[in-house]
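Every number here is computed from the coordinates shown, using simple stated rules; none is lab data. Computed from a predicted structure; not experimentally measured. All Cβ positions, glycine included, derive from the backbone under ideal geometry; neighbour counts span all protein chains shown.
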Amino acid sequence: MTTRETDAGPEALTGQVRRAANLVGVAVVIWVVLFFLSSEIGTVRAASPWSEDPADLVVSLTILLLAVVGPVTFVRVQQDVGQPAMRARTADDVLRGLFVAVGAVAAADATMLIAWLQVGSAAGGSWSRVLAFLLGLSMATVLVAAVSTFSAARASRAWRGTAGDPDRDALDDFQAWTAHVRPLLPVHRSVNAWLAGPLSPRRHRWRFAVLVAVAFGLSFSAWHLLVEGPAPSAGASMTILLVFAAFGAGAVMAGWIAFGRYLHLVRGTAAREERT
């Protein structure tokens, strides 16, 4: 560790973390635009080299992961807005989210590039050039964002090591944020009541995860049937419904297992009760 890294105070380190968050945000937005164009617009999807599995599977899992880590990290970045320095725990949680987001976009970009090299030349057309430009822009921005994130993480390692409240979670951060946003005060009060009641996800973390996974799987499957149209028979439609529901639910559970604890999404109540 250099002298500069050792002597940097919380204000300077906060600046590095916020700069990394801004750069990652730009990279994520560009990738989401690329995803939307190549997946949701029929004429563009026809020219997309990554519209078929396994590349399409990677792209779908990436947007699902970003749909969770993006809002969670955004809320955490807002925690100490207006203050010259973040709390160490806020910086630690923000960087965890940035690592996951950068890694997800980088993996998706690599998958898209491989698919492009395999079949891209056969696609042709103006939309192929647009997709090629956006893919190149996405790769460039995620590289810059990754360098900034790793630099901020390295410089702030000692400072983040002083973070308190290890039992924090994303719900704590959401409640702290909504408490200071007047239009969201009704949401704040509703979530408070939910967390204090018998259906709180903190009381049954795994049951909550399973319910969310099943709900997402069924919604994803229903959306697929609406977009693609019904199958020739009721039996085939039911089979497709179950297959896509299982895929969606499995993806959510895999993400929960892989990143739930790392990102401090939902804590249990036992540890907090022991401390109090």
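If you look at just the Cα atoms of the stretch 3-160, how large are its Rg and its Dmax in Å?
Looking at the stretch 3-160, its Cα Rg and Dmax stand at 17.6, 55 Å.
Taking springs between alpha-carbon atoms closer than 10 angstrom, which of L61, L23, L184 fluctuates most in the Gaussian network model of the chain?
Evaluated over the chain, the most mobile residue of the options is L184.
Largest first, please: the extent of the C-alpha atoms of the stretch 76-226 along each principal axis, to the nearest Å.
Computed over the stretch 76-226, the largest-to-smallest principal extents equal 57, 47, 30 Å.
Among the complete DSSP H segments of the chain, which ones combine at least 27 Å of alpha-carbon extent along their axis with a mean Kyte-Doolittle hydropathy of 0.0 or more?
Answer set is 10-40, 55-77, 88-123, 126-155, 205-228, 234-259.
If you place +1 on the Cβ of every Lys and Arg, -1 on the Cβ of every Asp and Glu, and leave all else neutral, what size is the dipole of the chain about its Cα centre, to the nearest 20 Debye?
Details: 23 positive and 19 negative charges, 133 e Å.
It works out to roughly 640 debye.
If you build a Gaussian network model of the chain, linking Cα atoms that sit under 10 Å apart, which residue out of T90, T149, T111 swings the most?
Looking only at T90, T149, T111, the biggest GNM fluctuation is shown by T111.
Obtain the radius of gyration and the Kirkwood radius of the stretch 170-275 from its C-alpha atoms and give Rg over Rh. Could the numbers behind the result be given before it?
Working: Rg = 17.8 Å, Rh = 16.1 Å.
On the Cα set of the stretch 170-275, Rg over Rh gives 1.11.
If you place +1 on the Cβ of every Lys and Arg and -1 on the Cβ of every Asp and Glu, how big does the dipole about the Cα centre of the stretch 102-236 come out, in debye to the nearest 20? Walk me through the numbers before you get to the answer.
On the way: 11 positive and 7 negative charges, 68 e Å.
Magnitude of the dipole: close to 320 debye.
Looking only at G161, G248, G70, which one moves most when the chain is put into a Gaussian network model with springs between Cα atoms under 10 Å?
Of the options given, G161 has the highest mean-square fluctuation.
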